[in-house]
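**Student:** Pasting a structure below so you can have a look.
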Amino acid sequence: MKVSSIVIAAVGMIFLVHVEVCQAIDQSICTPGEITYYPGGQLNSCTLKDDVGIDGVKCKQYALVTLYRSGTLQSCVTSDYFNYKDITCNQYSQVSFHANGRLDTCTLSKSLTIDGKNCAPFETISLFENGKLKSCSTPH
């Protein structure tokens, strides 16, 4: 009897988490107006009506957010600093991700040495899908 109760409780928690994720990635996060959808009805892009956390990034109110068809974050303007491994992306700047969830581009909040190259703060860093450095500006 105790095993059944635990299983039911665990299934209930999984269901609640699933519902919360679904609610976060639909048109309810958008301001009225221009909202785009993929052919299957999934949200593609819109302007956020509030700050919204998506895939660990706090995306800024009244800024454009774009999502992949899977519902994962493609890009947004951050409303706070965003940390990705050793990289700290600046607040109020564009951040984008590859379809595999790895960081694509962001504006650095501080200088960083990555793959042996020094990258300047407040400049854009770009990474390949495998996480290796694609480009960045060097300090002057």
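The values are calculated or read from the model by the stated rules, or taken from the named source; none is laboratory data. Computed from a predicted model, the values in this text were never measured in an experiment. Cβ: placed from backbone, ideal geometry, glycine included. Neighbour counts: every protein chain shown. Just so you know, the surface numbers come from the protein's heavy atoms only, side chains and all, with ligands and any DNA or RNA stripped out. Shrake-Rupley method; radii C 1.70, N 1.55, O 1.52, S 1.80 Å.
**Student:** Of all strands (runs of 3 or more DSSP E) completely enclosed by segment 60-124, which ones contain at least 1 residues that are more than 22 Å from L43 (Cβ to Cβ)?
**Tutor:** Once the strands (runs of 3 or more DSSP E) in segment 60-124 are filtered for at least 1 residues that are more than 22 Å from L43 (Cβ to Cβ), what remains is 82-84, 87-89, 103-107, 112-114, 117-119.
**Student:** Across segment 105-140, what is the total count of residues that are under 19 Å from Q91 (Cβ atoms) and basic (K, R)?
**Tutor:** 1
**Student:** Confirm whether I114 is over 20 Å from the mean Cα position of the chain (by Cα) and open to solvent by less than 70 Å² (accessible area, probe 1.4 Å). Break it down into steps so the answer makes sense when it comes.
**Tutor:** Details: over 20 Å from the mean Cα position of the chain (by Cα): yes; open to solvent by less than 70 Å² (accessible area, probe 1.4 Å): yes.
When the stated conditions are applied, I114 passes them.
**Student:** While we're on this one: Quickly run through segment 53-68 and pick out the residues that are over 17 Å from G101 (Cβ atoms) and open to solvent by less than 20 Å² (accessible area, probe 1.4 Å).
**Tutor:** A63
**Student:** Quick check on my filter: what residues within segment 86-110 are modelled with pLDDT of 95 or more and over 19 Å from Y68 (Cα atoms)?
**Tutor:** I87, T88, C89, N90, Q91, Y92, S93, T107, L108, S109, K110
**Student:** Which of the residues belonging to segment 69-84 are open to solvent by 30 Å² or more (accessible area, probe 1.4 Å), touching a Leu at 6+ places or on another chain (Cβ under 9 Å) and modelled with pLDDT under 95?
**Tutor:** Scanning segment 69-84 gives no hits.
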